[in-house]
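Participant: Pasting a structure below so you can have a look.
The values are calculated or read from the model by the stated rules, or taken from the named source; none is laboratory data. Quick caveat: nothing in here was measured; it's all calculated off a predicted structure. Neighbour counts run over all protein chains shown; Cβ positions are idealised from the backbone, glycine included. Note: areas computed on protein heavy atoms with side chains; ligands, DNA, RNA excluded. Shrake-Rupley method; radii C 1.70, N 1.55, O 1.52, S 1.80 Å.
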Amino acid sequence: MIGLSAVLVMLFLGRIAGISGITWGAMTGPLSERGWRAAFLLGLLAAPLLVLALTGTAPEQTVPSSMPGMIVAGLLVGFGARLGSGCTSGHGVCGLARLSPRSLVAVLTFMATAILTVFVLRHLP
Amino acid sequence: MTLAGGGLRLTAGFAAGLLFGVGLILSGMSDPAKVLSFLDLAGNWDPSLAFVMAGAAVVSFVGYRFSWRRTRPVLFDKFELPTARSIDRPLVVGAALFGIGWGIGGYCPGPAWSALGLGDPGTLVFMPALMLGFWAAGLMRPRG
């Protein structure tokens, strides 16, 4: 479904379905590009409601409970995604689908640092 | 752009966002605990999200080539694809920092949006921090 969505965006809108670019562009991009981006974000926001309607149960999740941790995580993810021109969707799905060498480097880099971070946080004393 | 054309773009955007979000939720990408156990190779490793991401990339690979057989997308005049080619310092440093944040919180931007309505306090503080991070990166890289 994630792949189909990325294809919908390409076929109908001719754009990359990168969530970081869509998020930031919905607020700061050219006016002609803001509408579909804001609508995309509304669709993301509405997704749990559709899941609830389809399955009859609300999605379950467990979010880390450290508030300082989540703030640092948000800052790093936002800063890194914009500096690095993309996140998991832009580089990981759309970029790899385009066989972009930049995206391959980005994906290998963020997978490595994410795995290392989890290792340090969970397995080092 | 006619009014009808604008409405169709909004409809396509909304439908794609909804599909994307449902995909994230059903696959478990919007559950940070599942993402963190996917990243935890040394623990109880859960590889299922690798198949989710690879599957999405493969579907996109095929669908993109189908889409590009057209001379233009259905609702815009032309395709707008990234043109940067160089593997430079901002790309690598940005991706590295992104990965550290992803490894701490278990959230990347899409899943955080689709989980916002679930109202977990961690998500509610992650989102404003994410926006602040986007904004701060613009100070480093004016054309971003």
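Participant: For B:Arg89, work out the one condition from (1) over 19 Å from the mean Cα position of the chain (by Cα); (2) within 8 Å of another protein chain (Cβ to nearest Cβ) it doesn't fulfil.
Facilitator: Every condition holds for B:Arg89 apart from (2).
Participant: Only one of B:Ala112, B:Ala95 is more than 7 Å from chain A (Cβ to nearest Cβ), within 21 Å of A:Ile115 (Cα to Cα), part of a helix (DSSP H, G or I) and touching a Phe, Trp or Tyr at 6+ places or on another chain (Cβ under 7 Å). Can you tell me which?
Facilitator: B:Ala112
Participant: Being of a type outside the set (Ser, Thr, Tyr) and touching a residue at least 24 places away in the same chain (Cβ under 8 Å) is true for just one of A:Gly80, A:Gly69, A:Gly56. Which residue is that?
Facilitator: A:Gly80
Participant: When you check A:Gly78 against the structure, is it modelled with pLDDT of 95 or more, outside any loop (DSSP other than H, G, I, E, B) and crowded, with 20+ Cβ neighbours inside 10 Å, yes or no?
Facilitator: Criteria met by A:Gly78.
Participant: For residues in region B:32-51 being open to solvent by 30 Å² or more (accessible area, probe 1.4 Å) and within 7 Å of another protein chain (Cβ to nearest Cβ), which is farthest from B:Leu116 (Cα to Cα)?
Facilitator: Of all residues in region B:32-51, those open to solvent by 30 Å² or more (accessible area, probe 1.4 Å) come to B:33-34, B:41-48, B:50-51.
Keeping just the survivors that are within 7 Å of another protein chain (Cβ to nearest Cβ) gives B:33, B:41-43.
On the way: B:Ala33: 16, B:Leu41: 28, B:Ala42: 30, B:Gly43: 28 Å.
Step by step, filter region B:32-51, then rank; the result is B:Ala42.
Participant: For region A:90-115: of the residues being more than 7 Å from chain B (Cβ to nearest Cβ) and of a type in the set (A, V, I, L, M, F, W, C), which is surrounded by the most Cβ atoms within 10 Å (Cβ to Cβ)?
Facilitator: Looking at residues that are more than 7 Å from chain B (Cβ to nearest Cβ) and of a type in the set (A, V, I, L, M, F, W, C), I get A:Val107.
Participant: OK, next. Of all residues in region A:51-75, how many are more than 7 Å from every other protein chain (Cβ to nearest Cβ), part of a helix (DSSP H, G or I) and closer than 24 Å to B:Gly17 by Cβ?
Facilitator: 4
Participant: So, one more: Does B:Ala16 qualify as being buried (at least 19 other Cβ atoms within 10 Å of the Cβ), out of contact with any Cys (no Cβ under 6 Å at 6 or more places or on another chain) and without any contact (Cβ under 8 Å) to a residue 60 or more places away in the chain?
Facilitator: Details: buried (at least 19 other Cβ atoms within 10 Å of the Cβ): yes; out of contact with any Cys (no Cβ under 6 Å at 6 or more places or on another chain): yes; without any contact (Cβ under 8 Å) to a residue 60 or more places away in the chain: yes.
Yes.
Participant: Just give me the residues in region A:116-125 being part of a helix (DSSP H, G or I) and either crowded, with 22+ Cβ neighbours inside 10 Å or not basic (Lys, Arg) (or both), in sequence order.
Facilitator: Scanning region A:116-125 gives A:Leu116, A:Thr117, A:Val118, A:Phe119, A:Val120, A:Leu121, A:His123.
Participant: In region B:63-83, which residue that is touching a Leu at 6+ places or on another chain (Cβ under 8 Å) and within 17 Å of A:Gly35 (Cα to Cα) is nearest to the other protein chains (Cβ to nearest Cβ)?
Facilitator: For region B:63-83, the residue satisfying everything is B:Pro73.
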